[in-house]
Amino acid sequence: MPLKTTAAKMVSDARARIKEVETIDAIKMVDDPNVVIVDIRDIRERQRSGYIPGSVHAPRGMIEFWVDPDSPYYKDVFGQEDKTYLFHCASGWRSALTVATLQDMGFDAAHLREGFSTWGAQGGPVEQEDKT
């Protein structure tokens, strides 16, 4: 059965209505105490390729529940007022869909347009998980 829409079309539609942040601009946000960088990649991706220092790990499958104060899975990190939330995945597809969904819920956020894929190459700091 043919799909009614493709994943690529969904991402394109999401990107047309959300705020996208370029990697070089996001790098400048790393040390800003008013910015919460949220990594929605799978834990294995973080372990394999590292992560942005200070980023919050929030698995993609739990985001809607973690940001909803009425959910039993709510996380306080998402209830901070006057914070800028910047979500990222590996290439910007999952984070675009995530931010569009959160926007529909009334949660204000942006996403890293190219994801983590260009982060290190553009000079962004990367931490590796301690394997000891």
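The values are calculated or read from the model by the stated rules, or taken from the named source; none is laboratory data. Since this is a predicted model, take the numbers as computed values, not measurements. Positions of Cβ are generated from backbone atoms using ideal geometry, with glycine treated the same way; all protein chains shown enter the neighbour counts.
Figures for the structure shown
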{"quantity": "Selection count where residues are assigned to a loop (DSSP other than H, G, I, E, B), of a type outside the set (G, A, S) and either modelled with pLDDT under 95 or touching a strand residue (DSSP E or B) at 6+ places or on another chain (Cβ under 8 Å) (or both), scope region 92-118", "calculated": "3"}
{"quantity": "All positions within region 36-49 that are surrounded by fewer than 17 Cβ atoms within 10 Å (Cβ to Cβ) and either farther than 18 Å from E127 by Cβ or not acidic (D, E) (or both)", "calculated": "I43, R44, Q47, R48, S49"}
{"quantity": "Failed item in (1) more than 21 Å from A16 (Cα to Cα); (2) exposed (fewer than 13 other Cβ atoms within 10 Å of the Cβ), with G106 passing the rest", "calculated": "(1)"}
{"quantity": "Close pairs from region 93-121: first closer than 27 Å to E81 by Cβ and in contact (Cβ under 8 Å) with a residue 60 or more places away in the chain, partner assigned to a helix (DSSP H, G or I) and charged (D, E, K, R), Cβ under 7 Å, at least 6 apart", "calculated": "A96/R15"}
{"quantity": "Conditions (1) on the phi > 0 side of the Ramachandran plot; (2) exposed (fewer than 15 other Cβ atoms within 10 Å of the Cβ); (3) in contact with an Asp or Glu (Cβ under 6 Å, 6 or more places away or on another chain): number failed by H57", "calculated": "(1)"}
{"quantity": "Scope region 92-107; condition of a type in the set (D, E, K, R) and more than 18 Å from H57 (Cα to Cα); matching residues", "calculated": "D104"}
{"quantity": "Among the residues listed as S55, S95, S49, the single one being among the polar types (S, T, N, Q), under 21 Å from Q128 (Cβ atoms) and under 15 Å from the mean Cα position of the chain (by Cα)", "calculated": "S55"}
{"quantity": "Of all residues in region 119-132 being in a loop (DSSP other than H, G, I, E, B) and in contact with a strand residue (DSSP E or B) (Cβ under 9 Å, 6 or more places away or on another chain), the one that is farthest from S49 (Cα to Cα)", "calculated": "W119"}
{"quantity": "Criterion (touching a residue at least 40 places away in the same chain (Cβ under 8 Å), surrounded by 14 or more Cβ atoms within 10 Å (Cβ to Cβ) and of a type in the set (D, E)) met by exactly one of E64, E127", "calculated": "E64"}
{"quantity": "Leading residue by the ranking (surrounded by the most Cβ atoms within 10 Å (Cβ to Cβ)) among those in region 67-85 that are assigned to a loop (DSSP other than H, G, I, E, B) and in contact (Cβ under 8 Å) with a residue 40 or more places away in the chain", "calculated": "K83"}
